[in-house]
């Protein structure tokens with residue numbers, strides 16, 4: 001049978017089989033990791049999620065700018081050279097910002113799993129969903145790996161961790177370019193609201 005024998009109301013049970021299509025239950029997480037787009041699902045980011053996003057953006061931008069200072073300090077430490085005051089100050093700021101990025105990313109992941117994230121546009125092709133999720137997930141992972149590898153290199157003088165840190169830095173930059181490019185593609189070519197979601201918080205229900 002195409003329809004269930006005993007059908008409960010959607011608002012009470014959350015599911016209903018009609019023909020060959022099944023209604024998406026409230027707060028359903030599909031295989032792409034997005035919240036269901038029904039009236040009870042998340043349709044935008046909260047103020048906290050948006051604030052965390054832009055805080056991480058600013059800190060990551062600073063990390064790239066301040067990277068030369070800590071790199072000079074690292075070479076000096078590994079070579080047994082005395083360090084001038086200015087590079088060390090920049091290096092410690094780089095370390096502090098990295099720790100803060102790590103904590104803020106954990107907070108973002110927590111909110112993503114507890115509050116949820118808005119679904120992709122309804123007409124988005126499957127390939128774009130896969131690419132978007134891969135890039136987004138890569139950014140999260142790299143933002144956690146970079147502080148960990150950097151700390152291992154700086155505090156424990158692990159050369160392999162320093163090499164990994166440099167590699168992760170390059171990967172993150174590439175992922176950011178793809179992420180920004182994808183957001184602009186969604187905004188200007190597909191005319192979706194994906195980009196504006198990070199500027200407009202969802203109204204509290």
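The values are calculated or read from the model by the stated rules, or taken from the named source; none is laboratory data. Please read these numbers as outputs of a predicted model, since none were measured by experiment. Cβ sites come from the backbone with ideal geometry, for glycine too, and all protein chains shown count toward neighbours.
Only one of (1) at pLDDT 80 or above; (2) over 19 Å from residue 136 (Cα atoms); (3) in a helix (DSSP H, G or I) fails for residue 76. Which number is that?
Every condition holds for residue 76 apart from (1).
Among the residues in the range 156-167, are any in contact (Cβ under 8 Å) with a residue 60 or more places away in the chain, under 20 Å from the mean Cα position of the chain (by Cα) and surrounded by 18 or more Cβ atoms within 10 Å (Cβ to Cβ)?
Going residue by residue through the range 156-167, those that are in contact (Cβ under 8 Å) with a residue 60 or more places away in the chain are 157, 159, 162.
Those still in the list that are under 20 Å from the mean Cα position of the chain (by Cα) too: none.
No, every residue in the range 156-167 fails to be in contact (Cβ under 8 Å) with a residue 60 or more places away in the chain, under 20 Å from the mean Cα position of the chain (by Cα) and surrounded by 18 or more Cβ atoms within 10 Å (Cβ to Cβ).
Pairs, please: C-beta under 8 Å, at least 6 apart or cross-chain, first residue surrounded by fewer than 17 Cβ atoms within 10 Å (Cβ to Cβ) and in the range 128-139, second at pLDDT below 95?
As it stands, the answer is 128/120; 130/32; 133/32; 133/33, since those pairs meet every condition given.
Kindly evaluate residue 97 against the criterion of being modelled with pLDDT of 95 or more, surrounded by 13 or more Cβ atoms within 10 Å (Cβ to Cβ) and assigned to a helix (DSSP H, G or I).
Numbers: modelled with pLDDT of 95 or more: yes; surrounded by 13 or more Cβ atoms within 10 Å (Cβ to Cβ): yes; assigned to a helix (DSSP H, G or I): yes.
Yes; evaluated as a whole, the condition is true for this residue.
If we keep just the residues of the range 148-192 that are touching a helix residue (DSSP H, G or I) at 6+ places or on another chain (Cβ under 8 Å) and not in a helix (DSSP H, G or I), which is modelled with the lowest pLDDT?
Filtering the range 148-192 for residues that are touching a helix residue (DSSP H, G or I) at 6+ places or on another chain (Cβ under 8 Å) and not in a helix (DSSP H, G or I), the one modelled with the lowest pLDDT comes out as 157.
For (1) in a loop (DSSP other than H, G, I, E, B); (2) outside the structural domain of residue 53 (by TED's automatic domain parsing); (3) more than 30 Å from residue 199 (Cα to Cα), each residue gets a yes or a no:
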{"position": "70", "(1), (2), (3)": "no, no, yes"}
{"position": "93", "(1), (2), (3)": "no, no, no"}
{"position": "104", "(1), (2), (3)": "no, no, no"}
{"position": "116", "(1), (2), (3)": "yes, no, no"}
{"position": "121", "(1), (2), (3)": "yes, no, no"}
{"position": "124", "(1), (2), (3)": "yes, no, no"}
{"position": "141", "(1), (2), (3)": "no, no, no"}
{"position": "146", "(1), (2), (3)": "no, no, no"}
